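**Q** Right, I'll just put the structure down here and ask away after.
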Amino acid sequence: MQPKEQIGTSTQTVWAVDPAHTTVEFAVKNFWLFIVKGSLEVREGTIVRDPDLSRSSVSILMKPASINTRNKQRDAHLRAAVYLDADRYPDIRFESTKVERGTDRDTLRVTGALTIKGASKEIVVDVNEIDRSCSPSGEYVEYYTATTALDRRDFKIDAMPLVIGRRLDITINLQATRNT
C-alpha cells in the first residue's frame, strides 16, 4: 500500500497482518431499531505494497467461528448453517483485485473478492493509513482503518429478513509488520 513517505527502499514490501492487534467489527440493525455489534478474529493476512499501486495486494482470512456479539446464544446461532455455517466454511476470505488511490494522500480504495459461505462478491473497501512506527525491537509497523458495507443476502445469509437488517457496516482496524 502506498505510504506517506517511503520506509527503506522503493521496492515492493511484504507486511504480515498481526491477528492479535487487528479487529474486524460489524454492526447490523435488529428489529429496525436496535444495532447489534460484534467482531470476528483474523486468522492471517498479507499486504504486498508497491510504489506502483497496481502491483499492491491484500489478502486476509477471518474465522467465522470466532464471532462474538457478547451473547453466547446469539453467537452459537450465527455460527450455525443458516448464517455463517462456520463448521462447513471455516474461513471468510478477502483477496484484493485492485488497489488505487483514495480521495487524498492517506487513503486507498481496495477492490476485491470477499468470500463468505462459498459465495464471492466484489466489494470496495475504503482504507485510511493511520500511522506507522518502529518497534523497540526494530520492526516496522503500520496501522490502517478500513470500512465497507455489505448486503448479507449477497453471501447466502438471508434468514430472518423481517428481524435482521440487510446491511452490515464493517470496520477493520489493522496492524501489520514488515517482513521484507
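The values are calculated or read from the model by the stated rules, or taken from the named source; none is laboratory data. Keep in mind that what you see is a predicted model, and the values were worked out from it rather than measured. Neighbour counts are summed over all protein chains in view; Cβ atoms, including those assigned to glycine, are modelled from backbone coordinates with ideal geometry.
**Q** Residue pairs, Cβ under 6 Å, 6 or more apart or interchain, first in the range 123-147 and in contact (Cβ under 8 Å) with a residue 60 or more places away in the chain and within 16 Å of VAL99 (Cβ to Cβ), second of a type in the set (Val, Ile, Thr) and assigned to a loop (DSSP other than H, G, I, E, B). List them.
**A** Qualifying pairs under 6 Å: none.
**Q** Looking at THR171, THR147, THR111, can you tell me which residue is under 13 Å from the mean Cα position of the chain (by Cα), modelled with pLDDT of 95 or more and farther than 24 Å from HIS21 by Cβ?
**A** Matching residue, one of THR171, THR147, THR111: THR111.
**Q** Taking only the range 61-90 into account, find how many residues are assigned to a loop (DSSP other than H, G, I, E, B) and either crowded, with 20+ Cβ neighbours inside 10 Å or at pLDDT 95 or above (or both).
**A** So in the range 61-90, the residues assigned to a loop (DSSP other than H, G, I, E, B) come out as 69-71, 80-90.
The next check asks that each one be either crowded, with 20+ Cβ neighbours inside 10 Å or at pLDDT 95 or above (or both); those that pass are 69-71, 80, 83-90.
Final tally of qualifying residues: 12.
**Q** Could you run through the range 28-60 and say how many residues are surrounded by 18 or more Cβ atoms within 10 Å (Cβ to Cβ) and more than 21 Å from GLY165 (Cβ to Cβ)?
**A** Here the count works out to 9.
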